[in-house]
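Written below as C-alpha coordinates is the structure these notes are about.
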Amino acid sequence: MNRLNRRGLLLGADVAGYGKGDSSRQFAVQGAFLQLVSGAAACARLDRDTWLRQPSGDGELAVIPDDGSEPQVVDDFVRHLNVLLGRHNEGTDPSFRLRLRVAVHFGMTSPAANGIAGKAVVEVSRMLDSAVLHEALQTTPDANLALMVSQRVYEDTVEYGLTTYAGDDFRQVTVRHKEFEQSAWIHVPRAAVEGSADAGPADPRGAAPRQVVVNQFWETVQADGSVIGISNNR
(Lines give C-alpha, C1' and ligand atoms only; values in the text may rest on other atoms or scores of the structure.)
Protein backbone atom coordinates (compact mmCIF):
# COMPACT_ATOMS: atom_id res chain seq x y z
CA MET A 1 0.00 0.00 0.00
CA ASN A 2 1.26 3.48 -0.83
CA ARG A 3 2.35 5.16 2.40
CA LEU A 4 0.27 8.20 1.47
CA ASN A 5 -2.93 6.17 1.42
CA ARG A 6 -4.87 6.11 4.65
CA ARG A 7 -7.97 4.39 5.91
CA GLY A 8 -10.09 6.65 8.03
CA LEU A 9 -13.41 8.15 8.93
CA LEU A 10 -14.60 10.80 6.49
CA LEU A 11 -16.55 13.73 7.90
CA GLY A 12 -18.25 16.12 5.51
CA ALA A 13 -20.12 19.22 6.67
CA ASP A 14 -21.58 22.24 4.94
CA VAL A 15 -23.76 25.22 5.76
CA ALA A 16 -27.34 25.26 4.52
CA GLY A 17 -28.32 28.37 2.56
CA TYR A 18 -24.77 29.73 2.41
CA GLY A 19 -25.14 31.03 -1.14
CA LYS A 20 -28.05 33.28 -0.19
CA GLY A 21 -25.90 35.56 1.96
CA ASP A 22 -23.84 38.55 0.84
CA SER A 23 -20.07 38.63 1.23
CA SER A 24 -20.14 40.00 4.79
CA ARG A 25 -22.60 37.30 5.83
CA GLN A 26 -20.47 34.61 4.19
CA PHE A 27 -17.37 35.94 5.95
CA ALA A 28 -19.13 35.68 9.32
CA VAL A 29 -20.53 32.23 8.55
CA GLN A 30 -17.13 30.82 7.61
CA GLY A 31 -15.62 32.02 10.88
CA ALA A 32 -18.53 30.71 12.94
CA PHE A 33 -18.42 27.36 11.16
CA LEU A 34 -14.77 26.80 12.04
CA GLN A 35 -15.32 27.88 15.65
CA LEU A 36 -18.28 25.57 16.13
CA VAL A 37 -16.68 22.53 14.51
CA SER A 38 -13.45 23.07 16.44
CA GLY A 39 -15.39 23.56 19.66
CA ALA A 40 -17.43 20.40 19.17
CA ALA A 41 -14.30 18.41 18.35
CA ALA A 42 -12.54 19.67 21.48
CA CYS A 43 -15.54 18.86 23.67
CA ALA A 44 -15.64 15.36 22.16
CA ARG A 45 -11.89 14.98 22.83
CA LEU A 46 -11.01 14.74 19.16
CA ASP A 47 -7.69 16.19 18.00
CA ARG A 48 -8.37 18.38 14.97
CA ASP A 49 -4.62 18.67 14.35
CA THR A 50 -4.58 15.04 13.23
CA TRP A 51 -7.35 15.52 10.66
CA LEU A 52 -6.57 15.79 6.96
CA ARG A 53 -8.84 18.70 6.02
CA GLN A 54 -10.11 20.08 2.71
CA PRO A 55 -11.93 23.42 3.19
CA SER A 56 -14.72 24.45 0.83
CA GLY A 57 -15.70 27.90 2.10
CA ASP A 58 -19.16 26.92 3.28
CA GLY A 59 -17.94 23.64 4.76
CA GLU A 60 -15.19 21.10 5.08
CA LEU A 61 -14.24 17.55 4.21
CA ALA A 62 -12.01 15.91 6.80
CA VAL A 63 -10.36 12.51 7.08
CA ILE A 64 -10.03 11.41 10.70
CA PRO A 65 -7.37 8.76 11.46
CA ASP A 66 -8.58 5.21 11.90
CA ASP A 67 -8.01 5.17 15.66
CA GLY A 68 -11.31 3.86 16.95
CA SER A 69 -12.92 7.29 17.22
CA GLU A 70 -15.99 6.46 15.12
CA PRO A 71 -18.40 6.43 18.12
CA GLN A 72 -16.95 9.74 19.34
CA VAL A 73 -17.56 11.37 15.97
CA VAL A 74 -21.01 9.92 15.32
CA ASP A 75 -22.21 10.44 18.89
CA ASP A 76 -20.22 12.89 21.03
CA PHE A 77 -19.10 15.26 18.27
CA VAL A 78 -22.54 15.47 16.65
CA ARG A 79 -24.33 16.00 19.97
CA HIS A 80 -21.89 18.73 21.01
CA LEU A 81 -22.17 20.36 17.60
CA ASN A 82 -25.95 20.39 17.92
CA VAL A 83 -25.77 22.05 21.34
CA LEU A 84 -23.21 24.63 20.22
CA LEU A 85 -25.27 25.44 17.13
CA GLY A 86 -28.29 25.94 19.38
CA ARG A 87 -26.29 28.31 21.58
CA HIS A 88 -25.00 30.17 18.52
CA ASN A 89 -28.49 30.48 17.02
CA GLU A 90 -30.28 31.44 20.24
CA GLY A 91 -32.16 34.70 19.73
CA THR A 92 -31.03 34.94 16.09
CA ASP A 93 -33.41 35.91 13.30
CA PRO A 94 -34.51 32.62 11.65
CA SER A 95 -33.17 33.77 8.29
CA PHE A 96 -29.66 34.13 9.79
CA ARG A 97 -29.49 30.89 11.75
CA LEU A 98 -26.51 28.66 11.06
CA ARG A 99 -27.68 25.17 10.11
CA LEU A 100 -25.48 22.29 8.97
CA ARG A 101 -25.65 19.13 6.93
CA VAL A 102 -23.21 16.47 8.12
CA ALA A 103 -22.22 13.18 6.46
CA VAL A 104 -20.00 10.43 7.87
CA HIS A 105 -18.46 7.57 5.88
CA PHE A 106 -15.43 5.26 6.09
CA GLY A 107 -12.85 4.26 3.52
CA MET A 108 -9.49 4.73 1.83
CA THR A 109 -8.19 8.18 0.91
CA SER A 110 -4.94 9.83 -0.09
CA PRO A 111 -3.67 13.42 -0.30
CA ALA A 112 -3.82 14.80 -3.84
CA ALA A 113 -2.60 17.87 -5.71
CA ASN A 114 -5.77 19.85 -4.99
CA GLY A 115 -7.22 18.19 -1.90
CA ILE A 116 -8.11 14.62 -0.98
CA ALA A 117 -8.64 11.78 -3.46
CA GLY A 118 -10.37 8.43 -3.22
CA LYS A 119 -13.64 6.64 -3.93
CA ALA A 120 -14.77 7.21 -0.34
CA VAL A 121 -14.27 10.97 -0.78
CA VAL A 122 -16.61 10.97 -3.77
CA GLU A 123 -19.13 8.86 -1.87
CA VAL A 124 -19.27 11.04 1.24
CA SER A 125 -19.57 14.11 -1.01
CA ARG A 126 -22.54 12.53 -2.79
CA MET A 127 -24.13 11.79 0.58
CA LEU A 128 -23.62 15.39 1.72
CA ASP A 129 -25.06 16.81 -1.51
CA SER A 130 -27.95 14.36 -1.74
CA ALA A 131 -31.52 15.57 -2.09
CA VAL A 132 -32.65 13.31 0.76
CA LEU A 133 -30.28 14.98 3.25
CA HIS A 134 -31.22 18.45 2.02
CA GLU A 135 -34.89 17.53 2.41
CA ALA A 136 -34.36 16.17 5.93
CA LEU A 137 -33.10 19.57 7.10
CA GLN A 138 -35.56 21.62 5.06
CA THR A 139 -38.58 19.73 6.40
CA THR A 140 -37.43 20.14 10.01
CA PRO A 141 -37.15 23.93 10.30
CA ASP A 142 -36.42 23.91 14.04
CA ALA A 143 -33.43 21.60 13.68
CA ASN A 144 -29.87 22.90 13.74
CA LEU A 145 -28.36 20.01 11.79
CA ALA A 146 -29.11 16.85 9.86
CA LEU A 147 -26.73 13.89 10.03
CA MET A 148 -26.30 11.13 7.46
CA VAL A 149 -24.10 8.08 8.09
CA SER A 150 -23.24 5.37 5.60
CA GLN A 151 -24.53 1.83 5.98
CA ARG A 152 -21.17 0.61 7.29
CA VAL A 153 -20.79 3.41 9.84
CA TYR A 154 -24.34 2.81 11.06
CA GLU A 155 -23.72 -0.92 11.46
CA ASP A 156 -20.34 -0.49 13.16
CA THR A 157 -21.40 2.20 15.65
CA VAL A 158 -25.16 2.67 16.15
CA GLU A 159 -26.41 -0.83 15.42
CA TYR A 160 -23.48 -2.40 17.26
CA GLY A 161 -24.40 -0.45 20.40
CA LEU A 162 -21.35 1.78 20.69
CA THR A 163 -23.32 5.03 20.89
CA THR A 164 -26.03 6.49 23.13
CA TYR A 165 -28.57 6.73 20.31
CA ALA A 166 -31.88 4.92 20.56
CA GLY A 167 -32.85 2.45 17.85
CA ASP A 168 -35.42 4.76 16.29
CA ASP A 169 -33.19 7.86 16.22
CA PHE A 170 -32.14 6.99 12.65
CA ARG A 171 -34.16 6.16 9.57
CA GLN A 172 -32.88 4.28 6.56
CA VAL A 173 -32.88 6.01 3.18
CA THR A 174 -31.56 5.38 -0.32
CA VAL A 175 -29.14 8.00 -1.58
CA ARG A 176 -29.24 8.60 -5.33
CA HIS A 177 -26.96 11.35 -6.58
CA LYS A 178 -25.21 11.31 -9.96
CA GLU A 179 -23.57 7.88 -10.30
CA PHE A 180 -23.92 7.09 -6.59
CA GLU A 181 -26.70 4.89 -5.19
CA GLN A 182 -26.42 3.33 -1.74
CA SER A 183 -28.32 2.89 1.50
CA ALA A 184 -27.61 5.31 4.33
CA TRP A 185 -29.13 6.41 7.62
CA ILE A 186 -30.38 9.86 8.65
CA HIS A 187 -30.73 11.40 12.10
CA VAL A 188 -32.14 14.88 12.72
CA PRO A 189 -31.60 15.73 16.40
CA ARG A 190 -33.94 18.00 18.28
CA ALA A 191 -32.78 21.59 18.50
CA ALA A 192 -30.67 21.88 21.64
CA VAL A 193 -29.21 24.76 23.63
CA GLU A 194 -27.03 24.92 26.70
CA GLY A 195 -28.30 22.57 29.37
CA SER A 196 -30.82 20.90 27.07
CA ALA A 197 -31.80 17.33 27.87
CA ASP A 198 -30.96 16.49 24.26
CA ALA A 199 -27.32 17.04 25.11
CA GLY A 200 -27.25 13.74 27.01
CA PRO A 201 -24.21 12.33 28.77
CA ALA A 202 -20.82 13.17 27.29
CA ASP A 203 -19.65 9.58 27.44
CA PRO A 204 -21.83 6.46 27.38
CA ARG A 205 -19.39 4.91 29.85
CA GLY A 206 -20.43 7.33 32.59
CA ALA A 207 -18.39 10.53 32.20
CA ALA A 208 -19.61 13.96 33.25
CA PRO A 209 -22.75 15.42 31.60
CA ARG A 210 -22.27 17.12 28.24
CA GLN A 211 -23.72 20.37 29.46
CA VAL A 212 -20.78 20.78 31.84
CA VAL A 213 -18.35 20.54 28.95
CA VAL A 214 -20.48 22.84 26.83
CA ASN A 215 -20.56 25.41 29.61
CA GLN A 216 -16.79 25.23 29.93
CA PHE A 217 -16.47 25.80 26.22
CA TRP A 218 -18.77 28.79 26.13
CA GLU A 219 -17.11 30.39 29.15
CA THR A 220 -14.25 31.09 26.77
CA VAL A 221 -16.45 33.03 24.33
CA GLN A 222 -16.31 36.79 24.46
CA ALA A 223 -19.38 39.02 24.62
CA ASP A 224 -19.24 39.59 20.86
CA GLY A 225 -19.38 35.84 20.28
CA SER A 226 -15.76 35.32 19.22
CA VAL A 227 -13.85 32.39 20.67
CA ILE A 228 -10.74 33.21 22.69
CA GLY A 229 -9.98 29.66 23.79
CA ILE A 230 -11.40 26.26 24.53
CA SER A 231 -11.37 24.46 27.85
CA ASN A 232 -12.23 20.79 27.91
CA ASN A 233 -11.18 19.89 31.45
CA ARG A 234 -13.55 17.69 33.38
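The values are calculated or read from the model by the stated rules, or taken from the named source; none is laboratory data. All values reported here derive from a predicted model rather than from experimental measurement. FYI the Cβ positions are ideal-geometry reconstructions off the backbone, even for glycines, and counts take in every protein chain you see. Calculation scope for accessible area: heavy atoms of the full protein, side chains included, ligands and nucleic acids excluded. Shrake-Rupley method; radii C 1.70, N 1.55, O 1.52, S 1.80 Å.
Taking the alpha carbon gyration tensor of the stretch 52-93, multiplying each eigenvalue by 5 and rooting it gives semi-axes of 24, 16, 4 Å, largest first.
With all protein chains kept in place, the per residue accessible area of the stretch 1-151 amounts to 43 square angstrom at a probe of 1.4 angstrom. 3J(HN,Hα) couplings calculated from phi for the stretch 151-161 with the Karplus curve 6.51 cos²θ - 1.76 cosθ + 1.60 (θ = phi - 60°) are, in sequence order, 4, 5, 4, 4, 5, 7, 10, 6, 5, 6, x Hz; Gly and Pro show x.
Once a ≥ b ≥ c are taken as the square roots of the eigenvalues of the Cα gyration tensor of the stretch 33-184, is the result rounded (a/c under 1.5), prolate (a/b larger than b/c) or oblate (a/b not larger than b/c)? The shape class here is rounded. Quick check: at a probe of 1.4 Å, how many percent of the accessible area of the stretch 1-132 sits on carbon and sulfur atoms? In the stretch 1-132, the share of accessible area belonging to carbon and sulfur is 49 percent.
Taking amide H atoms as placed 1.01 Å from N in the peptide plane, the amide H of Asp66 lies under 5 Å from those of Leu9, each 5 or more residues away in sequence or on another chain. The mean sequence separation of alpha-carbon pairs under 8 Å and at least six residues apart, normalised by the residue count of the stretch 62-144, gives a relative contact order of 26 percent. Counting Lys and Arg as +1 and Asp and Glu as -1 over every other residue whose Cβ lies under 11 Å from the Cβ of Ala16, the net charge comes to +2.
Placing unit charges on each Cβ (+1 for Lys and Arg, -1 for Asp and Glu) gives the stretch 122-186 a dipole about its Cα centre, and among Leu147, Tyr165, His177 the Cα reaching farthest toward its positive end belongs to His177. Annotation for the stretch 92-175: chymotrypsin sites (Phe, Trp or Tyr not before Pro) lying in DSSP loop with at most 11 further Cβ atoms inside 10 Å of their Cβ are Tyr160. Normalised Debye scattering of the stretch 98-175 at q = 0.19, 0.25 Å⁻¹ gives log10 I(q)/I(0) of -0.90, -1.23, counting only Cα atoms as equal scatterers and leaving out solvent.
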